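One structure is given below, encoded as structure tokens.
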Amino acid sequence: MPTVSVGRDRLFAALGRSYTQEEFEDLCFSFGIELDDVTTEKAIISKEKHLEEDKPSADDEIIYKIEVPANRYDLLCLEGLAQALRIFNGQEKIPRYTVAEISKESMLKMHVKKETSLIRPFVVCAVLRGITFDEASYNSFIDLQDKLHQNICRKRMLVAIGTHDLDTLQGPFTYEALPPPEINFVPLKQVKNFRADELMEFYKSDLKLKKFLHIIENSSVFPVIYDHNRTVLSLPPIINGAHSAITLKTKNVFIECTATDLTKAKIVLNTMVTTFSTYCKRKFEVEPVEVISFDGNSSVFPDLSEYNMEVPLSYITGSIGVPLEVDEVTNLLKRMQLNAEKAGSGASSISVSVPPTRSDILHPCDVMEDVAIAYGYNNIPKRKLSSLKPLPLNQLSDLIRSEISMNGFTEVLTWILCSKKENFEMLNRKDDKSTAVIIGNPRSCDFEVVRTSLMPGMLKTVGHNKDHPKPIKIYEVGDVVLLDDKKDVGASNRCLLAALYCGASSGFELIHSLVDRIMEVMGTSFVPVPDKSGYFIELSDEPEFLLGRQAKIIYKGKRIGIFGIVHPEVLTERLYGPYGCLLCCLLNKRVDRIGCSFYLAT
Amino acid sequence: MAEDAILGYLAAAEEIPDSGQFASQHGLHHSDIVNVIKSLHGFRYIDAQDIKRESWVLTDEGKKYAAEGSPEVQLFLAVPQEGSISKDELQKKLEPSVFKIGCSQAGKNKWVDMGKQVSRKVQHVEDKVKDLLIRVQNGEEIGKDDVNSLKARKLIVAQTWKGYSVRKGPNYAPKRKKVATDLTRENLQRGDWKELEFKEYNFNAKGPPSESGHLHPLLKVKQQFKNIFVQMGFEEMPTNNFVESSFWNFDALFQPQQHPARDSHDTFFLEAPSTTRELPEDYVELVKRVHESGGYGSRGYMYDWKREEANKNLLRTHTTAVSTRMLYALAKQPFAPKRYFSIDRVFRNESVDRTHLAEFHQIEGLVCDRKLTLGDLIGVLDDFFSRLGMSKLRFKPAYNPYTEPSMEIFSYHEGLKKWVEIGNSGMFRPEMLLPMGFPEDVRVIAWGLSLERPTMILYGIDNIRDLFGHKVDLSLIKRNPICRLGIN
């Protein structure tokens, strides 16, 4: 997106008030431009020269670098920008640009020769009469040409602008294309005469101009504009002649735009003349020039007519999603420099006249957008499309399951129901009646209680896979049920995680690694005791694990899990011999507090 | 032996005050004693306290003189008792370094006359330096002045001696029990696990690194984005076509042929295959017309549209090229609403720096339905971004050739305390949709963002090359946590 540099104080003066930076940023944001950088002339120069940046002193002029949309050529200089914002703020009405009414005979003429079609076929022109420049507006005039050349003119490929002091010239003008050796003139900023082919050679070392040479370099003829006295106005798209150079004192400016794309040439010309007609004696009036083609066709430029578009109200309100009346819409459009009124016909329709400054308006959708911008994007009520939200707890447990699988553990899926003996006695635990949900009418002793840990299922799985090659590494993420006074039914589910290693040694270290890995993928860090910002490991004392061979995981001060070597009595004497390691972890509902009761066993 | 000595000694005595003395009393090496103390301390058989002492040890030169005598005495002895010896003769009898140092020291001591001829000035000397060195070697104390003079001659250096004082620990026993490091199958089979005493675990250290596979952080984030789209009822578009024609990448999107994005500065054009073989001709005709002269209520761009430009192949600069193909196919069917998404690679001819790569991933979502409004767009963006934890959004008018209205999406970043641009959105222009054949009231709202930028913000990475590409540190991939985007 193009960036325009404007002096802050001049801008505020043009806006009729000053803003804090934040206020101005908000204004930009709602209008759709952006304050990109705040700097000073000095800082820009030292940056260009790669010098150390001096501290800006108070009297340096503050410069705002403002990003504007790539299709808004009318905003490429201070004059256009300030005018657009004044109108947006309702401080000013939309100007009506007019073409001066002069007779065909007294109109300046530009004759186009046939050969120009070989290289650069189009030219459009206009005159700004009775202009008064000051230093700032003069610089702005030069800068705007530069910005246009960089953007819509595609580095002068499509369009090149020449501006001249009309009082040094005499019409009619001719636009010709001649073999380079036949063109001879003193170019801008030079004192001696150059032949066009020599000039091209000369500019090969000119940093600014050399990048435009390729546009005509290989052509047998070069485009050139002469006045009645064969004074060269310009060698487009490279350089103007020195003779007609404009100065601060210039009163009458002749503007010519040569092009390979006529539409863009007209836009460029209109942008130049509408923007700077504000400094003319007759404000917003431009003097036309007749361009006469070699085949006799004649056209008068600039074409400042307004483009009329009829837009149904329903299209605007139906696209934005806000009910608006006709006069609300027309008022909003006026803030965007679009004159609008209720269309004559009975149906609710709006007749929009697009001024020559708004070449970006192609379709009613562009008008609709301007209504939305003036209304304020952020004032539009949102409408929700249908969508679903999954359960975070289950999403998280799915992610943890794949992490554990990637650690080489195989997932098992065991039953929720088990015998009382399996849930308590076989784990060296006593049923104190405070934890487990008891089934009233079990069909067999296998279904007496709802499990309170994943251990019975894990151990039974190993017991029934005695012939499976060792080591065995399995895990399960699943729910248990605990008695819970806070629940209406008196019981609630918990999601737990358990992992088990079974091999010739305990595998304690392996399970310890898994604990670390799970904590790592949950984004928690290992901390020294008793730091509460992460997790640490401490010796624990649970009956299903061997004394001194078990540990609890403390996360943010809370025990979230336990791992250890399963007590040999649990293994050999009651359950399914010989060894294994079990780890179990509860996923809390609050996923940032993942964790709880890791068990580990041999 | 050392262990028995220590544990045995403590059976009767309260304390071993100095492990150094203890070692020499028992004829043991101090280093052996130290190792045993450390091990016993670890199992709490004993409590050991560090003790430190400054002591002096001989340098290599000092050791040499302690054995052979000081150079000045060696020189003195080489001078005959009577008469004299020529200096050259004397030099031949001694090592060069001994001669040099000997001359200066013996001269300083006024033991000899140093001239061309050397003769004794006294008849008898004592080798005090040698004696002092031997005393230092034996660990005996010597006077301060002597220390300084030996130090000055670099014959001794200071050394810190470390040892322990030792008392009984909580687990003290006169004999150490055998400790096991792990419970094994054999222990269980023999049944001796009941008698086992285990070495304590050290929980101050993490477990050994796990043997695990790891997914790439960026693709983990991509997966979460996919999940979010699927939850919102979006269907994934087939994006496995990096090579695209300018027509589908630009022209069909109503992007004019002189648009700067179509410059070779921004887009990778192809040498082979340089052009596309076929395009849907009747649709191409409609696209050409809408660019040149508009229609469908539009003025068009009013320029000469060139087929050669549209035929040029490129690496797609956005996945919207795919969206365009999908919408074109959709418009061929009787109308049915659709929600599409894609997350895949796009290419830009940019110079690579901290925030730019020549290729990156674009996330794109679009909704195609009758009578959609800007309110729907704002609503769907609000839903999408609030699932990412960004619920504070605002929208800025913007320009994009194929959307109108266009909105840049900003989110308030709590960490940075400012509004950050997080994506772009808009309604596709009628000039893009109507030539495809959609009914007039069908609108398409769409938004796009890069996958890399939110990922960089999420993980606090400020150089894109640390996240994506061959320069990425593998340990970053390994350490990377589960992506909880959309899970809260």
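Here are the numbers:
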item: Which listed residue, of B:Tyr328, B:Tyr340, B:Tyr301, is within 14 Å of chain A (Cβ to nearest Cβ), hydroxyl-bearing (Ser, Thr, Tyr), over 42 Å from the mean Cα position of the chain (by Cα) and under 23 Å from B:Gly437 (Cα atoms); result: B:Tyr301
item: Number of positions in the range A:510-548 that are within 10 Å of another protein chain (Cβ to nearest Cβ) and either buried (at least 17 other Cβ atoms within 10 Å of the Cβ) or in a strand (DSSP E or B) (or both); result: 22
item: Meets criteria (assigned to a helix (DSSP H, G or I), over 22 Å from B:Lys128 (Cα atoms) and without any contact (Cβ under 8 Å) to a residue 60 or more places away in the chain) for B:Glu89; result: yes
item: The range B:425-457: number of residues that are assigned to a strand (DSSP E or B) and surrounded by 21 or more Cβ atoms within 10 Å (Cβ to Cβ); result: 12
item: Sole residue being assigned to a helix (DSSP H, G or I), free of Cβ contacts under 8 Å to residues at least 60 places away in the same chain and closer than 16 Å to A:Leu81 by Cβ, chosen from A:Asp36, A:Asp9; result: A:Asp9
item: Odd one out for A:Lys460 among (1) touching a Lys or Arg at 6+ places or on another chain (Cβ under 9 Å); (2) within 19 Å of A:Lys421 (Cα to Cα); (3) of a type in the set (D, E, K, R); result: (1)
item: Scope the range B:396-423; condition over 35 Å from the mean Cα position of the chain (by Cα) and over 20 Å from B:Gly375 (Cα atoms); matching residues; result: B:Pro401
item: Output for the range A:159-198, where each listed residue is more than 28 Å from A:Thr271 (Cα to Cα) and either among the charged types (D, E, K, R) or under 44 Å from the mean Cα position of the chain (by Cα) (or both); result: A:Glu182, A:Lys192, A:Arg195, A:Asp197, A:Glu198
item: Only listed residue being in the same structural domain as A:Ile238 (by TED's automatic domain parsing), farther than 30 Å from A:Ser106 by Cβ, among the hydrophobic types (A, V, I, L, M, F, W, C) and out of contact with any helix residue (DSSP H, G or I) (no Cβ under 6 Å at 6 or more places or on another chain), chosen from A:Phe133, A:Phe185, A:Phe173, A:Phe212; result: A:Phe212
item: Residue selected from the range B:367-383 under the condition more than 8 Å from chain A (Cβ to nearest Cβ) and not aliphatic (A, V, I, L, M), by the criterion nearest to B:Ser411 (Cα to Cα); result: B:Cys368
item: Among residues of the range B:1-60, those that are surrounded by fewer than 19 Cβ atoms within 10 Å (Cβ to Cβ) and touching a Phe, Trp or Tyr at 6+ places or on another chain (Cβ under 6 Å), counted; result: 2
item: Matching residues in the range A:425-464 - criterion: being at pLDDT below 90, surrounded by 15 or more Cβ atoms within 10 Å (Cβ to Cβ) and either farther than 15 Å from A:Gly478 by Cβ or not assigned by TED's automatic domain parsing to the domain that holds A:Leu413 (or both); result: A:Met426, A:Leu427, A:Asn428, A:Arg429, A:Asp431, A:Val462
item: Members of the range A:555-571 that are in a loop (DSSP other than H, G, I, E, B) and either closer than 19 Å to A:His512 by Cβ or within 14 Å of chain B (Cβ to nearest Cβ) (or both); result: A:His567
item: Helices (runs of 4 or more DSSP H) (entirely within the range B:109-226) containing at least 1 residues that are touching a residue at least 60 places away in the same chain (Cβ under 8 Å) and at negative phi; result: B:128-137, B:144-152
item: Residue that is farthest from B:His216 (Cα to Cα), among those in the range B:458-487 that are free of Cβ contacts under 8 Å to residues at least 40 places away in the same chain, surrounded by 14 or more Cβ atoms within 10 Å (Cβ to Cβ) and more than 14 Å from chain A (Cβ to nearest Cβ); result: B:Ile461
item: Residue in the range B:387-424 that is farthest from B:Leu458 (Cα to Cα), counting only those that are crowded, with 21+ Cβ neighbours inside 10 Å and of a type in the set (Lys, Arg); result: B:Lys396
item: Residue in the range A:355-387 that is surrounded by the fewest Cβ atoms within 10 Å (Cβ to Cβ), counting only those that are small (Gly, Ala, Ser) and at the interface with chain B (Cβ under 7 Å from one of its Cβ atoms); result: A:Ser386
item: Any chance A:Ile246 is assigned to a loop (DSSP other than H, G, I, E, B) and closer than 21 Å to A:Tyr175 by Cβ; result: yes
item: Residues that are acidic (Asp, Glu) and within 13 Å of chain B (Cβ to nearest Cβ), drawn from the range A:248-280; result: A:Asp261
item: Residue that is out of contact with any Pro (no Cβ under 6 Å at 6 or more places or on another chain), closer than 30 Å to B:Tyr459 by Cβ and not hydroxyl-bearing (Ser, Thr, Tyr), where the choices are A:Val515, A:Val521, A:Val462, A:Val481; result: A:Val515
item: Matching entry among B:Asp192, B:Asp182, B:Asp251 (being loosely packed, with under 14 Cβ neighbours inside 10 Å and among the acidic types (Asp, Glu)); result: B:Asp192
item: Residues located in the range B:125-164, provided they are aliphatic (A, V, I, L, M) and more than 13 Å from B:Val57 (Cα to Cα); result: B:Val125, B:Val129, B:Ala152
item: Search result, residues across the range A:304-342 that are buried (at least 21 other Cβ atoms within 10 Å of the Cβ), within 13 Å of another protein chain (Cβ to nearest Cβ) and either among the aromatic types (Phe, Trp, Tyr) or assigned to a helix (DSSP H, G or I) (or both); result: A:Ile316, A:Ser319, A:Ile320
item: Qualifying residue in the range A:401-419 (condition: assigned by TED's automatic domain parsing to the domain that holds A:Val521, surrounded by 13 or more Cβ atoms within 10 Å (Cβ to Cβ) and at pLDDT below 90); result: no
item: Residue list for the range B:227-248, restricted to those being within 14 Å of chain A (Cβ to nearest Cβ) and buried (at least 20 other Cβ atoms within 10 Å of the Cβ); result: B:Ile228, B:Phe229, B:Met232, B:Phe234
item: Any hit, the range A:389-408, residues being within 7 Å of chain B (Cβ to nearest Cβ) and at positive phi; result: yes
item: Within the range B:393-446, considering residues that are acidic (Asp, Glu) and more than 17 Å from A:Met1 (Cα to Cα), the one nearest to the other protein chains (Cβ to nearest Cβ); result: B:Glu431
item: Qualifying residue in the range B:196-214 (condition: within 9 Å of chain A (Cβ to nearest Cβ) and closer than 30 Å to B:Phe385 by Cβ); result: yes
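The values are calculated or read from the model by the stated rules, or taken from the named source; none is laboratory data. Given the structure is predicted, the values throughout are model-derived calculations rather than measurements. Please note: Cβ atoms are built from the backbone with ideal geometry, for glycine as well, and neighbour counts cover all protein chains shown.
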